[in-house]
Amino acid sequence: MIKLKPIFAIAVLFFATSLVKADDGYRLWLRYVPVEDSKLMNEYRSQFTSVAISGNSETVSAIKNEIKIGLSGLLDKEVEISSTFKNQGLLIVTSSSEHKSLGISEETERLGNEGYLIIEKKINGKNTIIVASKTDIGALYGTFHFLRLVQTQQSFGKINIEESPKTTHRLLNHWDNLDRTVERGYAGFSIWDWHTLPDYIDQRYIDYARANASIGINGTVLTNVNANALILTPEYLIKVKALADAFRPYGLKVYLTARFSAPVEIGGLTTADPLDASVAAWWKSKIDEIYSMIPDFGGFLVKANSEGQPGPQNYGRNHADGANMLSTAVAHHGGVVMWRAFVYDNNVPDDRAKQAYNEFKPLDKRFNENIFVQVKNGAIDFQPREPFHPLFGALEHTPIMMEFQITQEYLGCATHLVYLAPLFKECLESDTYAKGKGSTVGKVIDGSLHNHTISGMAGVANIGNDRNWTGHPFGQANWFAFGRLAWNHNLSSEQIADEWLRMTFTNNEKFLKVVEPMMLNSRETAVNYMTPLGLHHQMARNHHWGPGPWVNVGRPDWTSPYYHRADSVGLGFNRSSTGSNAVAQYFPEVSDKFNSVKTCPEEFLLWFHHVPWNYSMKSGRSLWNELCYNYYSGADAVTQMQTNWQKVEKMIDNEQFNQVKQLLAIQAKEAVWWRNSMLLYFQQFSKQPIPNNYEQPDKTLEYYENLKFHFVPGIKGE
Ligand code: GCV
């Protein structure tokens with residue numbers, strides 16, 4: 001045995017402990033550290049003595065791998081896995097003969113292809129937990145659910161869980177360019193290393209698929225909607241195939257963005273007119289080529305005639321003409337087309353918020369069956385708060401794919417802690433009244449309101465090659481929350497935060513009591529210090545980081561004054577019947593509510609109304625004073641987040657604690673920047689003082705207006 005000198009031995013021990021403890025966030029919520037509660041640990045250890053899993057598909061291997069690293073890590077001992085059933089404490093079963101012999105055929109019959117049961121039964125005298133499904137993918141989802149129960153220290157007792165996803169298509173959208181920059185990405189470069197693909201399969205690809213499967217995400221669009229036709233060339237398709245092969249065991253299908261002008265750019269045609277036979281033939285042959293390489297290819301996401309992207313309107317055709325041509329070519333392979341409703345007219349409209357509805361509502365009956373119209377949650381663009389998009393409920397015959405933005409383009413990039421589940425939920429729970437009370441956006445997108453067989457939710461990813469994937473450690477919570485809600489939009493923000501915190505940090509109740517409320521309030525806090533009371537699109541030009549209410553160059557509907565409409569009378573965009581009448585795009589119950597300044601919820605007041613500075617708000621304060629109140633409470637709430645975070649210092653990993661602490665300091669600084677510059681700017685119009693019980697801005701408006709920033713992440717150049 002080697003003998004170490006005492007001081008050296010202490011140093012080695014210290015180094016080893018810090019190595020064991022340091023958490024760089026790479027493992028996400030799949031940390032699988034030993035169960036903290038010793039009583040539960042003993043229970044789990046005596047229950048899960050060994051595990052039986054039958055089958056030998058690639059997905060079954062993935063399940064075995066997950067059980068091996070997951071359960072062994074959680075129980076802090078090697079867990080045996082066998083393929084024959086004896087007296088194990090945990091069975092994972094997928095075949096109908098197994099279901100029959102266990103007497104659970106009736107229950108499993110009810111399950112869809114991705115569903116599963118987790119139940120308890122006495123087998124050979126032993127209480128056994130059974131994860132049962134019809135398919136291997138169902139069993140994989142069930143396995144992750146089982147592991148989550150152990151990670152979050154749940155008691156199994158008389159467990160009886162039946163789960164099936166509420167939507168058929170649960171997708172991440174990567175806005176990743178082929179040069180590995182990520183549009184609106186704040187966590188490093190793209191995780192797709194096109195240069196080393198197809199020969200090098202980075203472990204990160206597998207861990208990405210594991211993480212997605214653990215929350216039920218079943219598809220990924222690899223490329224930016226501002227698309228590059230090169231991805232459709234054989235040189236790149238072979239790389240796409242390599243990723244598809246790596247993801248397949250995890251039930252994750254690959255999709256691509258289709259550049260509408262590809263037939264011209266890489267196909268040698270002179271037109272991309274969707275009604276031209278040679279164009280349709282080119283796409284058909286391209287799509288057949290893709291399916292010959294990737295038989296389960298998911299389909300295409302298309303941004304057309306928006307922000308300079310080519311589309312059918314370039315040839316005098318409409319969106320349905322373009323989408324139908326593509327969808328016909330993928331249909332017999334089982335693929336779908338997701339056609340985005342985020343469109344811009346070449347002419348500046350009277351109200352940008354009305355554009356998508358105006359273009360898509362008349363086309364409702366024109367789309368083929370395998371087409372989704374993909375609609376952002378709000379009609380402008382992923383703002384900190386927007387009313388739900390009027391297309392939800394308005395399109396009856398066309399399935400709508402929800403598009404949420406997980407990456408924080410308008411929410412402080414990756415330096416602000418903003419938990420997005422409350423934003424997602426606010427939209428999903430909004431009542432469209434399309435078929436009377438209770439016609440929520442959730443029911444529109446899960447297909448139940450209008451009886452669609454395909455349904456879906458997409459989230460613009462916040463993932464990059466940063467070691468912890470998302471830059472801010474709490475950015476991981478937004479990826480997690482998106483997946484959980486795409487699976488079941490009825491889950492609460494609280495439950496999702498609780499799960500994520502326990503899995504990512506600790507089950508320590510004292511920690512949860514401090515950090516959970518902090519997460520849950522963080523979105524409202526951001527709204528308050530950025531754009532309260534329905535203000536929107538006040539971010540700096542182009543990079544959208546930080547305030548820019550003064551931005552007035554470029555297309556009018558890309559400027560801030562277009563949206564805030566501040567003048568000597570008041571503030572806000574009049575979208576009521578006396579203004580742009582955008583309210584008329586909603587069903588009458590909603591439209592009437594938004595239309596009147598009296599009944600419009602105050603959080604949307606300036607979205608729908610131009611309101612006088614001295615208008616009396618529900619609080620009794622004038623609009624101007626309410627604005628001041630909101631900005632100051634937003635910035636103060638970030639200071640409170642810092643104080644709260646300090647309380648958990650000793651409860652979690654030091655590296656992660658410090659990372660969040662430093663990011664909160666940046667957020668606090670930027671919240672004050674937002675507050676001061678917005679109020680100083682609007683003060684020019686209100687001509688009223690910031691009440692003197694508030695700390696007064698220490699800089700001038702001119703100072704803020706002249707700040708210059710270079711190379712802000714998320715955009716190319718500058
Ligand atoms: C991918 C906004 C963003 C763009 C984005 C666009 C879209 O305008 O700023 O970066 O482009 O939305 O959703 O297509």
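The values are calculated or read from the model by the stated rules, or taken from the named source; none is laboratory data. This is a predicted model, so every value here is computed, not measured. Cβ: placed from backbone, ideal geometry, glycine included. Neighbour counts: every protein chain shown.
Please specify each residue of the stretch 173-185 satisfying the condition of being more than 14 Å from the ligand (Cβ to nearest atom) and either buried (at least 19 other Cβ atoms within 10 Å of the Cβ) or aliphatic (A, V, I, L, M) (or both). Scanning the stretch 173-185 gives a single hit, 178. On the given criteria, is residue 259 within 16 Å of the ligand (Cβ to nearest atom) and charged (D, E, K, R)? It is true that residue 259 is within 16 Å of the ligand (Cβ to nearest atom) and charged (D, E, K, R).
When residues in the stretch 618-635 are screened for being crowded, with 17+ Cβ neighbours inside 10 Å and either in a loop (DSSP other than H, G, I, E, B) or of a type in the set (D, E, K, R) (or both), 1 of them pass.
Please verify whether the stretch 157-172 includes one or more residues that are more than 24 Å from residue 297 (Cα to Cα), modelled with pLDDT of 90 or more and among the hydroxyl-bearing types (Ser, Thr, Tyr). Checked against the condition, which is being more than 24 Å from residue 297 (Cα to Cα), modelled with pLDDT of 90 or more and among the hydroxyl-bearing types (Ser, Thr, Tyr), the stretch 157-172 yields no hits at all. Do we have any residue at all in the stretch 511-529 that's under 25 Å from the mean Cα position of the chain (by Cα) and within 16 Å of the ligand (Cβ to nearest atom)? The answer is no, given that none of the residues of the stretch 511-529 is under 25 Å from the mean Cα position of the chain (by Cα) and within 16 Å of the ligand (Cβ to nearest atom).
Looking across the stretch 222-246, the residues that are surrounded by fewer than 23 Cβ atoms within 10 Å (Cβ to Cβ) and not aliphatic (A, V, I, L, M) come down to 226, 228, 233, 234, 235, 236, 239, 241, 245.
The set of residues in the stretch 195-226 that are among the hydroxyl-bearing types (Ser, Thr, Tyr) and either under 19 Å from the mean Cα position of the chain (by Cα) or within 16 Å of the ligand (Cβ to nearest atom) (or both) comprises 205, 208, 214, 220, 223.
For the stretch 307-322, taking the residues that are within 29 Å of the chain's Cα centre (by Cα) and among the small types (Gly, Ala, Ser), the one that is nearest to residue 375 (Cα to Cα) is identified as 320.
Listed here are the residues, each with its yes/no results for (1) closer than 30 Å to residue 413 by Cα; (2) at pLDDT below 95; (3) acidic (Asp, Glu).
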position	(1), (2), (3)
101	no, yes, no
104	no, yes, no
114	no, no, yes
125	no, yes, no
150	no, no, no
154	no, no, no
182	yes, no, no
186	yes, no, no
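Scanning the stretch 1-44 for residues that are basic (Lys, Arg), within 30 Å of residue 212 (Cα to Cα) and at pLDDT 95 or above yields a total of 2.
Of everything in the stretch 333-350 that is modelled with pLDDT under 95 and more than 13 Å from the ligand (Cβ to nearest atom), the residue that is farthest from residue 173 (Cα to Cα) is 350. Name the single residue that is nearest to residue 35 (Cα to Cα) among those in the stretch 81-112 being over 36 Å from the mean Cα position of the chain (by Cα) and of a type in the set (D, E, K, R). The qualifying residue nearest to residue 35 (Cα to Cα) is 86. Take the residues in the stretch 660-711 that are assigned to a loop (DSSP other than H, G, I, E, B) and among the charged types (D, E, K, R), then tell me which one is nearest to the chain's Cα centre (by Cα). Among them, the one singled out is 708. Among the residues of the stretch 278-310, those identified as part of a loop (DSSP other than H, G, I, E, B) and either surrounded by fewer than 23 Cβ atoms within 10 Å (Cβ to Cβ) or within 12 Å of the ligand (Cβ to nearest atom) (or both) are 294, 295, 296, 303, 304, 305, 306, 307, 308, 309, 310. Selection of the stretch 539-550 for residues being buried (at least 24 other Cβ atoms within 10 Å of the Cβ) and touching a helix residue (DSSP H, G or I) at 6+ places or on another chain (Cβ under 6 Å) yields 547, 549. Does residue 421 satisfy the condition of being within 12 Å of the chain's Cα centre (by Cα) and touching a residue at least 40 places away in the same chain (Cβ under 8 Å)? Here the answer is yes, as residue 421 does meet what is asked.
When the residues of the stretch 457-474 are filtered to those that are touching a helix residue (DSSP H, G or I) at 6+ places or on another chain (Cβ under 7 Å) and in a strand (DSSP E or B), the one that is farthest from residue 399 (Cα to Cα) is 459. Take residue 196 and tell me if it is of a type in the set (Ser, Thr, Tyr) and within 27 Å of residue 447 (Cβ to Cβ). For residue 196, the condition - of a type in the set (Ser, Thr, Tyr) and within 27 Å of residue 447 (Cβ to Cβ) - is not met. Evaluating residue 356 against the criteria (1) within 16 Å of the ligand (Cβ to nearest atom); (2) assigned to a loop (DSSP other than H, G, I, E, B); (3) within 29 Å of the chain's Cα centre (by Cα) leaves one unmet condition, (2).
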